[in-house]
Amino acid sequence: MTQKVTIHDVAQHAGVSVGSVSRALNDYPHVSEELKSRVLTAAADLGYEPGFLAHSLRRGRANSIGFLVGTIANPVIATIFEAAAEALADSGYAITLVSSRNKADLDIAYLRLLASRQVSGLIVSSAAESQDRSSALINNLGIPTVMLDRSIPYGELIYAVQSDHLSGVKDAVHHLVKQGHRQIAFIGGPEKFYPTHERFRGYRKALEEAGLPLRQELIRFTSFTETDALAEVLVLLRHQPLPSALIVAGNIILIGALMALQDRGLIVGRDMALVACDDMPLTKLHRPPITVINRDLSLLGKTAARLLLRGIQDRKGRTDHIIKLPTKLITRQSSNYAHRA
C-alpha cells in the first residue's frame, strides 16, 4: 500500500515550513509568487492532495470556475478572460484566475489546487509543454472542462473552443502570393502548440496549393518571448535570397520580429511584407498598419463560458464538444502592395 503524502512531506520537499505550505495552498494574501510556485511544484511532484478535499466533496462543489492560463501578460488572454468572466458572472459564477507562467509543472500544480477547491468547472489554456500530462490529469478530475484553443483529450466532460487558424493562414499565404511574393517565411511558437500546429498546417497547405516549395530555411519555431523571437527572426533574415514576406504566428512573437526587422534596417511594407495574428493596438498603430489574421477574442471567451455552463448543467459531455470559430484576414499596408522580385 502506498503511503499517503502529507503536508509535512510537501514542506520538506519544498524546503519550507508547514505553515508556509498551508498559506500557499490556501492562497493567503502576501504569499510571494516564488514561495507559491515552490510549494505548488512540490505538491505536484509528490501527488499531494490537500486534506480538505474529502470535506469539500461532502459539501458539494462551489459556484466558482477555475481559469488556468499560461500567462496573464498576453493581451489576447486578458480579452478572452474578461469576456468569459462577464458571461459566467451573469450566471452567478465567480472565477479564480491562475497563471502558470508557461511552466508545465505549474499547470499540473494549479489544476490540482483548483480541483481541491471544488470548482464547478475549468477553463484551461495550458502551456504547450504540458499537453500530455495536463490532459491525463484533467481526464481523472471528472470536472467539466473547456480547453481554450488547445487540442482536446478524450474525456466525458471535456470540451474545446478553437479558432480556425488553418484557414486564416491559408488566406494570408494566398494573399501574399497574389501580391507577387514567392519567398514567404513563417515563424510560430512551440511546434506542438495547437495554434502553431494549425497555423503551420495552413502555411504548408497554401504553399502546396500555390505550387511553391516548402523551404525549411524559411521556417522557424520559438518560445513566446520577445528575445527568443528576435533571435529566430534574425536567423531567418540571414538566408539568401532574403524572404520578401513574413507570417508571424503570435502577437508576442510579433514584437521580436519587428525588433529584428529594425535591427536589419528593413522597412515593413517596402522591404518586407508582414502578416501577424490577432488585431492588437500595435498592429493598428504601427506605421504602416499591419495585416492581421483576426479572430473575435470576446466571442472566444463567451463561447467558452457558454459551453462550460452547458457541461456543468447537464454533465452529459461530448455533445457539441468542439466549437470552431472563424478567423478573418484583414489586409493593410504592410502587405497590400505589389511585390516585384
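Amide H neighbours of MET272 under 5 Å, at least 5 residues apart or on other chains, H built in the peptide plane: list them.
ILE267
Select from LEU207, LEU266, LEU329 the residue whose mean-square fluctuation is largest in a Gaussian network model of the chain (Cα-Cα springs shorter than 10 Å).
LEU266
Add -39500 (n - 2.57) for each DSSP H run of 4 or more in the chain, then divide by its residues: what number comes out at 222 nm, to the nearest 500 deg cm²/dmol?
-14000 deg cm²/dmol
Most exposed first by the Cβ proxy, i.e. fewest other Cβ within 10 Å, how do LEU254, LEU309, LEU141 rank?
LEU141, LEU309, LEU254
Can you sort ILE77, ILE158, ILE247 by how many other beta carbons sit within 10 Å, fewest first?
ILE77, ILE158, ILE247
Enumerate the helices in the chain for which the Kyte-Doolittle hydropathy averages -1.0 or more and the C-alpha atoms extend at least 24 Å along the helix's axis, using complete DSSP H runs.
Once both thresholds are applied, what remains is 297-314.
In units of 2.2 N^0.38 Å, what is the alpha-carbon radius of gyration of region 171-271?
0.99
Defining a contact as two alpha carbons under 8 Å apart and six or more residues distant in sequence, what relative contact order in percent does the chain show?
Rounded, it is 17 percent for the chain.
Could you tell me the ratio Rg/Rh of the chain? Both radii from Cα atoms, Rh via Kirkwood.
Result for the chain is an Rg/Rh of 1.03.
Summing Lys, Arg as +1 and Asp, Glu as -1, what charge do residues with Cβ under 14 Å from the Cβ of ALA273 carry, ALA273 excluded?
Local net charge: +4.
Select from GLY265, GLY189, GLY301 the residue whose mean-square fluctuation is largest in a Gaussian network model of the chain (Cα-Cα springs shorter than 10 Å).
Maximum among the listed residues: GLY265.
Grab the chain and count how many Lys pairs have their alpha-carbon atoms under 16 Å apart, sequence gap of 8 or more, or different chains.
Summing the qualifying lysine pairs gives 8.
Give the Cα extents of region 127-201 along the principal axes, in whole Å, largest first.
52, 19, 13
Bear in mind that the values in this text are calculations on the coordinates, not laboratory data. Everything numeric here is computed off the predicted structure, so don't read it as measured data. Positions of Cβ are generated from backbone atoms using ideal geometry, with glycine treated the same way; all protein chains shown enter the neighbour counts.
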